[in-house]
């Protein structure tokens, strides 16, 4: 019976993915360090820009975008424009397409919506939206689908992490004020995803990357999850996009039928939505109008018919098991298509031996997909993983390690590797870091197959499956660390659609036969 249920879960995953417009199976990479820079991936480049390497405490020097903007307020925009222009290029898109990559996850900071930044208290580089729009255009032309990941949130969601854009112990995301700013960001990004032609390949928006694992330290996060979904759907309903399984509806007056921002302003008064969602929609309107004026989108936003019959976006959350201490279940707030994300970094998990056999036994008996499905967290994709290890892995092992992880993660909705590339320099000990963190370097070295759906050895897990080990059923998420390689010469801080009616029909129908 367990095998039947597992097959059912996988069938639902594939049906759900196809329904929502995302790739039937995700083979992807992250575009990390592009629009949210993490210095450990390009330490020499960071030093050349004017940044500093702090050692073990990233709060003690110029290690993040916020610290850089404070140190160089007059030149930060020009410096980062050069970085954005060169770290991710048309050539990279061509290479990814040739490698069979069909999805990218783009980490974004809240500051890409510049009106949300409280200057001068908060400082970040400006101008990133220009480069995001250009990059999205390239990806769309290449047929590569996109997940927009809210990677660095207002107020900072996790302490002492470079990936938040501001390395600090003062975590303030889990407050009404910053939850509200994140909802405004969501309304703006949802609007762009549907109306800006450059955003045509975006199929999903992720609400919050890697919140604090301990749910007792994230008060109000469950309410934010609910409001995030409703904000996305409120924008879509205003656009006339049908959201399956939703009992929500909005109507706009004929007088604003050619002015989306005016229509959204009307929707912001709809009492079917919580007050926080209404406020977010209202606050988003002038921001959207400003973006329209800056980027030549005024006609689309304010002076043309906007009603659509398009596909709703897939709302995306870290899975429920990302947190402990009575976390909220994001499946409880789903309206329309929704998917779940897990991040597994074996180089930082602490429950298994640091040797090749222990690693293979753990990954080959991975239970995350079934565990999450039991909580309604399906379809599940693995949005971050790498080849990094806590031991000195041989190239022979890395071939197996790549195969085994791909095999495990492909049993869900698919996988997205961290990262698409890593700097190769003296500060990364040549390619010692890149060989375990760069997909393109791993492909060049042969660890990854040219066809991402293929394997060097599809039976790589046979010797380890169902092996008796105290590691076999233990999750390896919830303790992530990017860039902590024993070969690194510098010290790196630790980091880290379903159509519901059809879904329920499949479940109920299948249970009859069980």
### Task
Can you grab the distance from the C-alpha centre of region 451-466 to the C-alpha centre of region 174-220, Å, no decimals?
36
#### Entry: Ascending count of other beta-carbon atoms within 10 Å, so fewest first, for 317, 224, 455
455, 317, 224
## Note on the structure
Taking a ≥ b ≥ c as the square roots of the eigenvalues of the Cα gyration tensor, with a/c under 1.5 meaning rounded and otherwise prolate when a/b exceeds b/c and oblate if not, region 15-150 is prolate
### Query
What is region 38-139's relative contact order, in percent, from Cα pairs under 8 angstrom and six or more apart in sequence?
27
#### Entry: For the chain, share of DSSP beta bridges that run antiparallel, in % to the nearest 5
5
### Query
Can you give the relative contact order of region 213-344 as a percent, counting alpha carbon pairs under 8 Å and 6+ residues apart?
35
### Query
Hey, how many Å between the Cα centroid of region 344-409 and the Cα centroid of region 86-120?
26
#### Entry: Relative contact order (%) - criterion: Cα under 8 Å, at least six apart; region: region 411-457
27
### Query
What is the mean projected area of the alpha carbon convex hull for region 157-312, to one decimal in square nanometres?
9.9
### Query
For the residues 384, 444, what sequence is obtained by ranking on other C-beta atoms within 10 Å, fewest first?
444, 384
### Summary
When 267, 89 are ranked with the fewest other C-beta atoms within 10 Å first, the list becomes 89, 267
### Kirkwood-based Rg to Rh ratio, region 2-513, C-alpha trace
0.95
### Query
Taking the Cα atoms of region 236-368, what is the range of coordinates along each of the three principal axes, in descending order and whole Å?
67, 34, 26
### Query
For region 267-312 and region 25-81, what is the separation of their Cα centres, given in Å?
32
### Query
In nm, to one decimal, how far is the residue 77 label point from the residue 325 one, both placed 7 Å along Cα→Cβ?
4.1
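Read-outs: derived from the displayed coordinates by stated rules, not from any lab. In this text the structure is predicted, and so the values were computed from the model without any measurement. Here the Cβ is made from the backbone with ideal geometry for all residues, glycine too, and neighbour counts use every protein chain on show.
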